[in-house]
Amino acid sequence: MRAVRMGERLNLALHELMARDPDVYLLGEDVADPYGGAFKITKGLSTRFGDRVRSTPLSEGAIVGAGAGLALAGGKAIVEIMFADFAALAFDQLVNFAAKSTAMYGRRVPLPLIVRCPSGGNRGYGPTHSQSPHKHFIGVPGLDVYELTPFHDPGELLERMLAARRPCLLFEDKVLYTLPAPEGGTVAGLFDHEVRGDVARVFLPGAEPDCAIVAHGGVAHRVIEAMRTLLLEEDVACELLVPARLYPLPELPGLERAGHVCVVEDGSPGGSWGAEVARVLHPRLWPALRRPITLIGAAERVIPAAPHLEREVLPQAERVHREILEALS
Amino acid sequence: MIEIRVPRLNANDASYVLVEWAAGDGQEVRAGDPVAVLETSKAAEELAAEAGGVLRHLVREGAECAPGQPIARLLAPGEQAGERSGERSGEQPGEQGGEHPGERPREHAADAAGDRGGEPAAQAGAAQAGAGPDGAGPGGAGPDGGPVVTEPARRLMEERGIPPERVRALGLRVVRRADVEGLDLIEVPRVQRRIAEVVTRSHREIPAAYAVMRIDVTGALSRARELSRSERTLIGVPELVIDAVAGLLGRFPLLFAAPVAGGRARPAEGAHVGVTIDVGRGMFIPVVRHADRLGPGGIARELTRFRATAMNGSFTEADLAGGAITLTLHPADGVIMAVPLVPPGQICALALTAPRSEVVEQAGGGFRARKVVSLGLAYDHRYVNGMQATAFLGEIRAGLERLSGGSAPI
């Protein structure tokens, strides 16, 4: 049997969610069939659920505003932003309208809204279709930030976000769409994996990790490749923690055991998600840390369209391997 | 259902070994029945059931367990046991994907790349190969069904000429350099590892100075022979030294005290003297409690009990706890001096050698033979200076040299 890709699992999860819950609406550009969304994540939904799935005009502000309105009016809205980069166009609706609406009317107002944002590069799409703009939405009271990971069930994640009854951003790495979900057994033939609460953990059984890595779902595969080469070539054991909710950051277990902690992200440096993780971890781990937390992210450059140049800007497995080795030496 | 958790048995160990289940899995036990034997680095403790019920083991014999960890459950009759603690909880993300028959879109997200005029980057392919599911189970992950061997481990095997079978026999999924290294290493017993921690800490934290005094025990030895007969137990110089040391608590309280941060010390609650016992099964320092109240006979009986325990059984934490000062014994023939390490939490440690003969000139001319021992004192120089140390040794010496056969009972 062909391995199920993450994009298919997400599509299936949306099908199941809309079938189960008649209050769920889906909005976005070109989401209706036959196109089914730029990444085919909404394929089949308009055929099956009719008016509850709407292709919209090209205005991210209007789409998110309409989604938030639907949610305020008692529905549940899932909004697709075609590329996460375009979420900037919906910034005001997200930050000043959706996030604030839960708390500024004198009583708690539920606002079940998921804004799905295909993010990340490594596909040669150029400067404005390859970004990971997570950092712009971190630290906004009333707005939660999530990301799809190879390990968390997408259906459960969608349920959880709607159940939170407040606006959530869900970043979804475009390369992750194309990858098979791990099916039990080992990861990369070496590591075990498990999901506890919000956090997926990939680890070498029985080993005290030399380095613990915190990463978001989109970079997990590149980090695992680095973990594989670090182990096989250098005998360095790493443990990976992948939270599904990126903000507010959930409890990350077990980091005290590691000699070193490293955060890997696709975002650019400066006020980044990685910096937020380090901010939360430094006071907690201060007595256990032997050196400052290492941050590995994109270079401080506009993402080039040429694939070989893009590779240099975004963190790849080789760079993660090299930087962890340097940090440990 | 009641969970049986590991109690904290001492202040030093992060974990203990469950050496034996005293009651079997599924066995019915009554309140107070022993269920398991836990071994700390130095002692063994029996764990009793708080209540009655059917015992369900959560860990196997030989497992390391940390204080607070649940190791068993006591179930009411007919109650179901939950998962074993060793098993993983939480979802298995891989399992759900394959469970949904029926509607599954066929051609998929990968086309998105085509729609946008790009191909999934080579990176995606590489990551996919790296992170994809792997059918091989533990111990069979390598290409030939053997373990995966890291490059540093493989180099070490080559360097030491270690054949693959030996590594395979480890039964590991991934063999690391430390595993290969472990093949040729002498495993230090757990008791010794604990000693290593203590002496390392002592060496790091306690700036000790040392003085040693020669003591004439000719009279003490004949007194000891007399006492052995009257007390009907074997009494030697160590018993007399412990007796003499314990009697000095009132005059030298600082030497029995426990250091406290800020250059202060907490006085001892009694003349509890730790004594090294090593019968070849590791060194232990059981404590003769209130040694000043026992007399040489009582002290001798305590030491006899300790040696029997060291030989046949296991010390309890209570045997080993609470020492205020330590006497290390160096009975081997020919040893003329030994420098003990001061145990953390104490200020002084004494070291006693076996009696040896020496010939001394007599005041009135001529020579005579006498028996002497060396009694050394290592002391924490932050609290004690040479003058107090030698005064202390001098008092012990005076006490021992006063003794003779036929003297008044001490």
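The values are calculated or read from the model by the stated rules, or taken from the named source; none is laboratory data. Quick caveat, the model's predicted, so the values are computed rather than measured. Glycine gets a Cβ as well: all are built from the backbone with ideal geometry, and neighbour counts include every protein chain shown. We work out accessible area using only protein heavy atoms, side chains counted, and drop any ligands, DNA or RNA first. Shrake-Rupley method; radii C 1.70, N 1.55, O 1.52, S 1.80 Å.
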Pick out which of A:P243, A:P154, A:P22 has the largest mean-square fluctuation in a Gaussian network model of chain A, springs linking Cα atoms closer than 10 Å. A:P22
Taking Cα centroids, how far is segment A:210-270 from segment A:1-56 in Å? 31
Here, trypsin sites (Lys or Arg not before Pro) of segment A:123-228 satisfying both criteria (DSSP loop; at most 13 other Cβ within 10 Å) are none
Whole Å is fine, so just give me how far the alpha carbon centre of segment B:267-281 lies from that of segment B:1-59. 28
Measuring with a 1.4 Å probe in the full set of protein chains, what accessible area per residue, in whole Å², belongs to the protein assembly as shown? 43
Per residue, the convex hull enclosing the Cα atoms of segment A:205-255 spans a volume in Å³ of 74
Between B:V335 and B:R8, 0.36 nm times their residue separation minus their Cα-Cα distance comes to what? 113.8 nm
How much accessible area is lost when chains B and A come together, counting both sides, with a 1.4 Å probe, in Å² rounded to the nearest 100? 4700
Net charge near B:A43 (other residues with Cβ under 9 Å of its Cβ; Lys, Arg +1; Asp, Glu -1) is -3
Measuring from label point to label point, each 7 Å out along Cα→Cβ, what is the B:L183 to A:D92 span in nm? 7.0
From the Cα gyration tensor of the protein assembly as shown, with a ≥ b ≥ c the square roots of its eigenvalues, which class applies: rounded if a/c is under 1.5, or else prolate if a/b is larger than b/c, or else oblate? prolate
Could I have the simple spin-label model distance between B:H290 and B:R402, label points 7 Å from Cα toward Cβ, reported in nm to one decimal? 2.3
Which one, A:P205, A:P287, A:P248, has the greatest fluctuation when you compute a Gaussian network model over chain A with C-alpha springs under 10 angstrom? A:P287
Heavy atoms only, probe 1.4 Å: what % of the accessible area of segment A:6-177 goes to carbon and sulfur, would you let me know? 56
So which GluC sites (Glu not before Pro) in segment B:350-410 are both in a DSSP loop and have at most 15 other Cβ atoms within 10 Å of their Cβ? none
On a 21 Å Cα-Cα criterion, which of the cross-link pairs A:K76/A:K174; A:K43/A:K174; A:K43/A:K135 come out too long? A:K76/A:K174; A:K43/A:K135
What's the local net charge at A:H216, with K and R +1, D and E -1, over the other residues with C-beta under 9 Å away? -4
Just to verify a number: FRET efficiency for B:H203 and A:A3, C-beta to C-beta distance, R0 = 56 Å, to 0.05? 0.45
What FRET efficiency comes out for A:E326 versus B:N312 if R0 is 60 angstrom and r is the Cβ-Cβ distance? Round to the nearest 0.05. 0.60
Distribution output for segment A:1-158: share of Cα-Cα pairs per 10 Å bin in percent, first bin at 0, values 11, 39, 39, 10, 1, 0
Once fully extended, how much extra length lies between B:R155 and B:D33, figured as 0.36 nm per residue of separation less the alpha-carbon to alpha-carbon distance? 38.6 nm
What percent of all Cα-Cα pairs in segment A:105-204 falls into each 10 Å bin, going from 0 up to the bin containing the maximum distance? 13, 37, 34, 14, 2, 0
Picking from A:H282, A:H134, A:H193, which is most flexible by a Gaussian network model of chain A using Cα springs under 10 Å? A:H282
Please give, to one decimal in nm, the separation of the simple spin-label points placed at B:E358 and A:T128, each 7 Å out from Cα toward the Cβ. 9.6
In cubic angstrom per residue, the convex hull of segment A:192-328 built on its Cα atoms measures 107
For a label point 7 Å along the Cα-to-beta-carbon line of B:Q192, residues of segment B:266-294 with backbone N under 20 Å: B:276-286
Partner chain coverage, peptide A:3-12 - average Cβ within 10 angstrom: 5
Using only alpha carbons, build the gyration tensor for segment B:266-410 and give me the equivalent ellipsoid semi-axes, biggest first, whole Å. 28, 20, 16
Segment B:372-405 scanned against label point 7 Å out from B:R229 along Cα→C-beta; backbone N under 13 Å for B:405
Averaged across A:35-44, how many Cβ atoms of other chains sit within 10 Å of each residue's Cβ atom? 4
Taking just the alpha-carbon atoms of segment B:2-75, what radius of gyration and Dmax come out, in angstrom? 11.3, 33
Any lysines with Cα under 26 Å of the B:K42 Cα? List them, leaving off those in the same chain fewer than 8 positions away. none
Range of Cα positions in chain A per principal axis (Å), largest first: 57, 50, 37
Under the definition of partner shielding as Cβ atoms of other protein chains within 10 Å of a residue Cβ, what is the mean value for peptide A:231-237? 6
Can you work out the FRET efficiency for the pair B:E79 and B:A169, with r the C-beta to C-beta distance and R0 = 41 Å, to the nearest 0.05? 0.50
